[in-house]
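K.L.:
Starting off with a structure, shown below.
What follows is calculated from the coordinates using simple rules that are stated; it is not laboratory data. A quick note: this is a predicted structure, and the numbers were derived from the prediction, not measured. Note that each Cβ is placed from the backbone with ideal geometry, even for glycine, and that neighbours are counted across all protein chains shown.
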Amino acid sequence: MHLRLFELARDHLEDTGQYKVVSGIISPVGDGYKKKGLIEASHRLEMARLATENSDWITLGSWESMQPDWVETVEVIRHHHEKLLEKQQNCDETDTVKLTKKRRIENRYEASSHQKRRDGPQVMLLCGADVLESFGVPNLWKQDDIDEIVGRYGLVCITRSGNDPHKFIHKSDVLWKHRRNIHLVHEWVTNDISATHMRRALRRGQSVRYLLPDAVVSYIQQNNLYSAESEQKNADVVLAPLQRYLEASSS
Amino acid sequence: MANRRVPLVLLACGSFNPITNQHMRLFELARDHMHSTGQYQVVGGIVSPVSDSYGKQGLVLAKHRIAMAKLALQSSNWVTVDEWESQQPDWTETVVTMRYHYGRILKEYEGRAGKHMNSNGDTTTLAGPQLKLLCGADFLDTFKIPGLWQDEHVEEAVGRFGLVSVSRGGLQPEQTVHESDMLSRHQRNIFLVREWMRNETSATEVRRALRRGQSVKYLIPDSVIEYIHQHKLYTEDSERRNKGTALRPLTKQAQEPVSSLDD
């Protein structure tokens, strides 16, 4: 369902009349992130590649996952933005592009005329409401990073009934300051299909067909990917961002 | 042990206008559940689109609904599309469709296993094949709608055949069963499957998105999206089809009208 978020975001942004979404990038996090149950990047990359095979605009970005250490999201956005600008110069096209990234997913599209970078492509971070709310979790994000992500790049946030993103933005000074850079997209048809759910079904031997692309289902089976053991990976390890910022704040 | 399991075929009746990934999920969820009871071996699934005479608003032609269902199920090795119901000139009661398929399956099974049949197709402990109706939980509520079902039909569908009902978030099928004497009586023939992931994809939402030009990718298979575009299927015009028409079950099963003067 990660890919569904891209479709919703694109429809919404193009509907504003201000943007032309030219591409989307899925950027899986590196193994250094240390999340519980996180299997090797090589497998996650391959699955993402298989899943995006049928899309003519969503692509796979492997840069983040290939970094030895966990990389801050804002760096990933910078990387893709620069790459985009380079490509732009080479192509000498006049169109503007915008890009979005969600922890492991990112997305880029084009702005027609608006905001500061009026003649350059833009990048925005695509995320669910959970990411927006994670900005409030202590030590998970650096305040400067939030400021740069939202202020310089922008967010596209998919929300559903039950979320109250407006209130969340209202309560955060930094989000409120950049509220014009936050595009909220309401998902009317709730699709509560999370990767956690998926892994649970897989290790219990239940069918995940039609929730994941067939090619991904076969890949998982062939490689025996999600088991009770794989779920124990990183079980007692502190998430990389928490580790990094906690150390920084206590030293 | 495993070979003493009852062979089971799941039948899903509905509009399939169009078929969605969620429809196909119901089959997967139901099969997992029935296997986990330890009593059944699901040997097949049947998608049976309703005929054009059903009279539901926005219902596109059966030939298109059949073609889309076939495309969607091309990659399934156990669920197939059956055209019998859609080809009947008039709308067919669900229980009649069930009888037809059960007869067909039984014949096939007898042919293969040689004759060692039990009494009369009743649900016995002998491992004859069974047919159960697969439905969403909202379906249980349709039993309550006056004039939509005949009591004997509900009795036969639930008592003789059985139901596998997959509930989406929010609905309380247990309560529906509890509140109906008839359903409670046949409780052991009603299998309630919980879908823990909330998935509100419905054909209605898919049609809505399509006529508004929004993306339905990942909600229905790519091959079905292509077919819809090729045949320009779901538009504002198509949604107006049958508008104001009474559902065929309501008119077909209505008792003799008590001479209504004004209409």
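K.L.:
Counting other beta carbons within 10 Å of each residue's own, what order do A:ILE39, B:ILE145 fall into, fewest first?
P.N.:
In order of increasing Cβ crowding within 10 Å: B:ILE145, A:ILE39.
K.L.:
Can you list the residues, at least 5 places off or on another chain, whose amide H is less than 5 Å from the amide H of A:LEU38, using H built in the peptide plane?
P.N.:
Here the answer is none, since no amide H 5 or more places off falls under 5 Å of that of A:LEU38.
K.L.:
Out of B:ALA157, B:HIS186, B:SER167, whose Cα points farthest toward the positive end of the dipole of segment B:133-189 (charges: +1 Lys, Arg; -1 Asp, Glu; placed on Cβ)?
P.N.:
B:SER167
K.L.:
Just the number, please: percent antiparallel of the DSSP beta bridges in chain A, rounded to the nearest 5.
P.N.:
Rounded to the nearest five, the antiparallel share is 50 percent.
K.L.:
Can you list the residues, at least 5 places off or on another chain, whose amide H is less than 5 Å from the amide H of A:TYR19, using H built in the peptide plane?
P.N.:
Amide H neighbours of A:TYR19: A:SER112.
K.L.:
Also, I was wondering about something else. Can you tell me, using C-alpha contacts under 8 Å and at least 6 residues apart, the relative contact order of segment B:2-252 as a whole percent?
P.N.:
Numbers: 389 pairs, mean separation 68.7, N = 251.
Over segment B:2-252, the number comes to 27 percent.
K.L.:
Name the residues whose placed amide hydrogens come within less than 5 Å of the amide hydrogen of B:VAL193, ignoring near sequence neighbours (fewer than 5 apart) on the same chain.
P.N.:
B:SER165, B:VAL166, B:SER167
K.L.:
Residue by residue, what Karplus-based ³J(HN,Hα) values in Hz, rounded to whole numbers, does segment A:76-88 have, using 6.51, -1.76 and 1.60 with θ = phi - 60° and x for Gly and Pro?
P.N.:
So the Karplus estimates, Gly and Pro as x, are 5, 5, 4, 4, 6, 5, 4, 4, 5, 5, 4, 4, 4 Hz.
K.L.:
Shifting gears a bit: Counting other beta carbons within 10 Å of each Cβ, put A:THR52, B:THR80, B:THR37 in order, fewest first.
P.N.:
Ranking A:THR52, B:THR80, B:THR37 by Cβ neighbours within 10 Å, fewest first, gives B:THR37, B:THR80, A:THR52.
K.L.:
Oh, and also: Give, rounded to the nearest 20 debye, the magnitude of the charge dipole that the protein assembly as shown has about its Cα centre when Lys and Arg contribute +1 at Cβ and Asp and Glu contribute -1 at Cβ.
P.N.:
Magnitude of the dipole: close to 480 debye.
K.L.:
Going Cα to Cα from A:LYS87, which aspartates and glutamates come in below 19 Å? Please leave out same-chain ones fewer than 8 positions away.
P.N.:
Straight-line reach from A:LYS87, under 19 Å: A:ASP56, A:GLU64, A:GLU75, A:ASP95, A:GLU106, A:GLU110, A:ASP119.
K.L.:
Using Cβ contacts closer than 10 Å as the measure, can you line up A:MET198, B:MET182 from fewest to most?
P.N.:
B:MET182, A:MET198
K.L.:
Using helices alone, what [θ] at 222 nm do you get for chain B, with -39,500 (n - 2.57) per DSSP H run of 4 or more residues, divided over all residues and rounded to the nearest 500?
P.N.:
Computed mean residue ellipticity for chain B: -10500 deg cm²/dmol.
K.L.:
Same structure again: If you put +1 on each Lys and Arg Cβ and -1 on each Asp and Glu Cβ, how big is the dipole of chain A around its Cα centre, in Debye rounded to 20? Let's see the in-between values first.
P.N.:
Details: 35 positive and 36 negative charges, 109 e Å.
My answer is approximately 520 debye.
K.L.:
Sort A:60-70, A:237-247, A:151-161, A:221-231 by the packing proxy (mean of other Cβ within 10 Å over each peptide's residues), most packed first.
P.N.:
Ranked by mean Cβ neighbours within 10 Å, highest first: A:151-161, A:60-70, A:237-247, A:221-231.
K.L.:
Which pairs, out of B:LYS56/B:LYS243; A:LYS20/A:LYS142; A:LYS142/A:LYS233; B:LYS144/B:LYS252; B:LYS70/B:LYS252; A:LYS83/B:LYS217, put more than 19 Å between their alpha-carbon atoms?
P.N.:
Checking Cα-Cα distances, A:LYS20/A:LYS142; A:LYS142/A:LYS233; B:LYS70/B:LYS252; A:LYS83/B:LYS217 exceed 19 Å.
K.L.:
Hey, which aspartates and glutamates would be in cross-link range of A:LYS171, C-alpha to C-alpha under 14 Å, not counting anything within fewer than 8 residues on its own chain?
P.N.:
Excluding near neighbours in sequence, the set is A:GLU133.
K.L.:
Hey, what number do you get for chain A at 222 nm if only DSSP H runs of n ≥ 4 count, each worth -39500 (n - 2.57), divided across all residues, to the nearest 500?
P.N.:
Rounded to the nearest 500, it is -12000 deg cm²/dmol.
K.L.:
Write out the trypsin sites (Lys or Arg not before Pro) in segment B:125-212 meeting two conditions: DSSP loop, and at most 16 other Cβ atoms within 10 Å of their Cβ.
P.N.:
Counting only loop positions with at most 16 other Cβ atoms within 10 Å, the trypsin sites (Lys or Arg not before Pro) in segment B:125-212 are B:LYS144, B:ARG198, B:ARG212.
K.L.:
Sort B:58-67, B:149-158, B:23-32, A:132-141 for me by packing, meaning the mean count of neighbouring Cβ atoms within 10 Å per residue, highest on top.
P.N.:
The most tightly packed comes first, giving B:23-32, B:58-67, B:149-158, A:132-141.
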